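Working notes for the structure below.
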Amino acid sequence: MRRQTSRVSADLVRPASPYTSMEGALDAIRYARESRRPFLGTCGGFQHAVIEYARNVCGLRDASHAETHPTAPILVVSPLSCPLVEQSEEIVLQTEEN
């Protein structure tokens, strides 16, 4: 999701994996990285940022996520094993006013 105002321009990839389009999420993350745009990846968004970096910077083309592709040859994200599975909370981002 992109949000633009006169003061803020950034990319956010939020929780909710598996995404409808994993490749779409990875493309958005790659665009943010290559164009040096501010990027926030929360939960699944951060996990997919790790996958994008592994594939496109480290050259690990088969890097994947154990929850969505458990038989992939290179797993860079393991299944979530903490008590936060299926939990959600509201996140509020604020800017400091000068």
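Here residue 42 meets the list (1) open to solvent by 70 Å² or more (accessible area, probe 1.4 Å); (2) touching a residue at least 40 places away in the same chain (Cβ under 8 Å); (3) touching a strand residue (DSSP E or B) at 6+ places or on another chain (Cβ under 8 Å) almost entirely, failing just condition (1). Condition check for residue 36 on (1) at negative phi; (2) open to solvent by 50 Å² or more (accessible area, probe 1.4 Å): one failure, at (1).
Answer yes or no: is there a residue in the stretch 47-68 that is part of a loop (DSSP other than H, G, I, E, B) and touching a Leu at 6+ places or on another chain (Cβ under 8 Å). Among the residues of the stretch 47-68, at least one is part of a loop (DSSP other than H, G, I, E, B) and touching a Leu at 6+ places or on another chain (Cβ under 8 Å), which makes the answer yes.
Cβ-Cβ distances below 7 Å connect the following pairs, each with a first residue in the stretch 11-25 that is buried (at least 17 other Cβ atoms within 10 Å of the Cβ), a second residue that is at pLDDT below 75, and a separation of six or more residues or different chains: 11/2; 12/1; 25/19. Residues in the stretch 5-20 that are assigned to a loop (DSSP other than H, G, I, E, B), over 17 Å from residue 91 (Cα atoms) and modelled with pLDDT of 70 or more: 18, 19, 20.
The values are calculated or read from the model by the stated rules, or taken from the named source; none is laboratory data. Predicted model, so just to flag it, every value in this text is computed and none were measured. With ideal geometry, Cβ positions are generated from the backbone for all residues, glycine too; neighbour counts draw on all protein chains shown. Remember, those area values only see protein heavy atoms, side chains included, never the ligands or the DNA or RNA. Shrake-Rupley method; radii C 1.70, N 1.55, O 1.52, S 1.80 Å.
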